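S.K.: Quick one: structure below, then a few questions.
The values are calculated or read from the model by the stated rules, or taken from the named source; none is laboratory data. In this text, all values refer to a predicted model and were calculated from it rather than measured experimentally. Positions of Cβ are generated from backbone atoms using ideal geometry, with glycine treated the same way; all protein chains shown enter the neighbour counts. Accessible surface areas use protein heavy atoms only, side chains included; no ligands, DNA or RNA. Shrake-Rupley method; radii C 1.70, N 1.55, O 1.52, S 1.80 Å.
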Amino acid sequence: MAAGYVGFEITWSKDVFGGAPQAGSAEKFGTLGINFRARKAVNEEELTAALAALSCEVPIDGSEGAGA
Amino acid sequence: MSDAIREQPALDLGSLREAIKEEYSEVAANPQKGFHFHTGRPLAQMLEYAEEWLEGIPESSIESFAGTGNPFSLGELRLGERVVDVGCGAGIDSLIAAKKVGPDGRVIGVDMTPSMLEKARHAAHEAGLENVEFREGYAESLPVDEGWADVLISNGVLNLMPDKDTALQEMCRVLKSGGRLQIGDILVQKAVPESAKRKIDLWTG
């Protein structure tokens, strides 16, 4: 998203290393093959809106201010 | 032995690239050798490539296929579109894309391994596809003009790059506004220790 993309989505995953001729580190790390897609934002407004949608609001304790 | 002595040295990008080139040169030259990943037509079937996509694609290109996903499952390529294939290898995905976008479309395959590019160019010639070209280069600095591509595809390549942010930014640079990113790659479900990330043999195996 930070690179300028919107609409990131993983659509598929599968163990694509199991049974390979040589042993590797894939199983050790639980490695899956995946498909993912995204789209370059059409403009800054679209990107800003997408980033804003990702934001999380963190409750601020009233006894500590923003400057605490 | 102190922690400082046991610690792996920082990952050297040049050495990593050389190790990856060596590995994939072997996939180009000896695809039947047997690797820690699947290859060739059986892999394409596992990744749900349609048989019709492979029709007319030379076997020399298919045999060195080493992807981890299926970029074409993520959205249709339309006639006349421009496509960049990052880490094209022996060219299977570039050639499929070239068939899909037709003679009015264009495909640029980029790879850093010369022997793979040689196979890809030969396969394109054999398939009679004139709307595809192959360029040597790195994903972090693609030899493609800004805003050139409608679609960027890649398959099993991003995971081989230590600086994924830079690679994704570069992919974004060559895409038009609204352009599509369609990628097959890998996901690790267990945390990879920082020390392991500095071991080149783990990147290639």
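S.K.: Averaged per residue, what accessible area in Å² does chain B show with a 1.4 Å probe, protein chains only?
M.R.: Accessible surface, normalised per residue, equals 45 Å².
S.K.: Shifting gears a bit: Highest GNM mean-square fluctuation, chain B, Cα pairs closer than 10 Å: which of B:G69, B:G87, B:G34?
M.R.: B:G34
S.K.: Right, next: Per-residue Cβ counts within 10 Å, from other chains only, averaged over A:5-11: what number is that? Before the final figure, lay out the partial values.
M.R.: Details: counts 8, 1, 2, 1, 1, 4, 6.
Shielding by partners across A:5-11 averages 3.
S.K.: Next question, about the same structure. To make sure I understand the rule: partners must be lysines, Cα under 20 Å from the Cα of A:K14, and not fewer than 8 residues away in the same chain. Which ones qualify?
M.R.: Of all the lysines, those that pass the test against A:K14 - Cα under 20 Å, at least 8 places apart if same chain - are A:K28, B:K190.
S.K.: Taking H as built 1.01 Å from N, whose amide H comes closer than 5 Å to the amide H of B:G179, not counting residues under 5 places away?
M.R.: A:K40
S.K.: What dipole magnitude, in Debye to the nearest 20, does the protein assembly as shown give about its Cα centre under +1 on Lys/Arg Cβ and -1 on Asp/Glu Cβ? List each step's numbers first, then the result.
M.R.: Working: 26 positive and 43 negative charges, 69 e Å.
The calculation lands at about 320 debye.
S.K.: Dipole of chain B, Cα-centred, from +1 at each Lys and Arg C-beta and -1 at each Asp and Glu C-beta, to the nearest 20 debye? Walk me through the numbers on the way to the answer.
M.R.: On the way: 21 positive and 34 negative charges, 59 e Å.
For chain B, the charge dipole is close to 280 debye.
S.K.: Here is a follow-up. Relative contact order for chain B using alpha-carbon pairs under 8 Å, separation at least 6, rounded to a whole percent? Don't skip to the answer; put the middle values down first.
M.R.: Details: 359 pairs, mean separation 47.0, N = 205.
In percent, rounded to a whole number, it is 23.
S.K.: So what is the relative contact order of region B:150-205, in percent, for Cα pairs below 8 Å that sit 6 or more residues apart? Walk me through the numbers on the way to the answer.
M.R.: Values: 41 pairs, mean separation 26.2, N = 56.
47 percent.
S.K.: Compute the length gained on full extension between B:E136 and B:A50: take 0.36 nm times their separation in residues and subtract their Cα-Cα distance, giving the result in nm to one decimal. Mind dumping the intermediate values first?
M.R.: Working: separation 86, 0.36 × 86 = 30.96 nm, distance 2.83 nm.
28.1 nm is the gain from fully extending B:E136 to B:A50.
S.K.: Summed for both chains, how many Å² of accessible area, to the nearest 100, are buried between B and A with a 1.4 Å probe? Intermediate results must be reported in sequence, preceding the final value.
M.R.: Numbers: alone 10660 and 6060 Å², together 13700 Å².
Using a 1.4 Å probe, the pair buries roughly 3000 Å².
S.K.: I'd like the carbon and sulfur percentage of the solvent accessible area for the protein assembly as shown, probe radius 1.4 Å, heavy atoms only, ligands and nucleic acids excluded. Before the final figure, lay out each step's value.
M.R.: Values: 6900 of 13700 Å².
Its accessible area is 50 percent carbon and sulfur atoms.
S.K.: Let me confirm one metric for peptide B:169-178, namely the mean number of other chain beta-carbon atoms within 10 Å of its residues' beta-carbons.
M.R.: Average per residue, whole number: 4.
S.K.: Does anyone have the angle between helix B:114-127 and the longest principal axis of chain B? Alpha-carbon axes, 0 to 90°, nearest 10?
M.R.: That helix lies at roughly 20 degrees to the long axis.
S.K.: In whole Hz and in residue order, list the ³J(HN,Hα) couplings for region A:9-24 that follow from phi through the Karplus curve 6.51 cos²θ - 1.76 cosθ + 1.60, θ = phi - 60°; x for Gly and Pro.
M.R.: These are the phi-based 3J(HN,Hα) values: 7, 8, 9, 6, 8, 6, 6, 9, 10, x, x, 5, x, 10, 6, x Hz.
S.K.: For region B:1-102, which trypsin sites (Lys or Arg not before Pro) are both in a DSSP coil and crowded by at most 15 other Cβ atoms within 10 Å? Can you show the working numbers first?
M.R.: On the way: sites: B:R6, B:R17, B:K21, B:K33, B:R78, B:R82, B:K99, B:K100; in loops: B:K33, B:R78.
Counting only loop positions with at most 15 other Cβ atoms within 10 Å, the trypsin sites (Lys or Arg not before Pro) in region B:1-102 are B:K33, B:R78.
S.K.: Here is a follow-up. Any chance you could check the Cα centroid distance between region B:155-174 and region A:23-37 for me, in angstrom?
M.R.: 17
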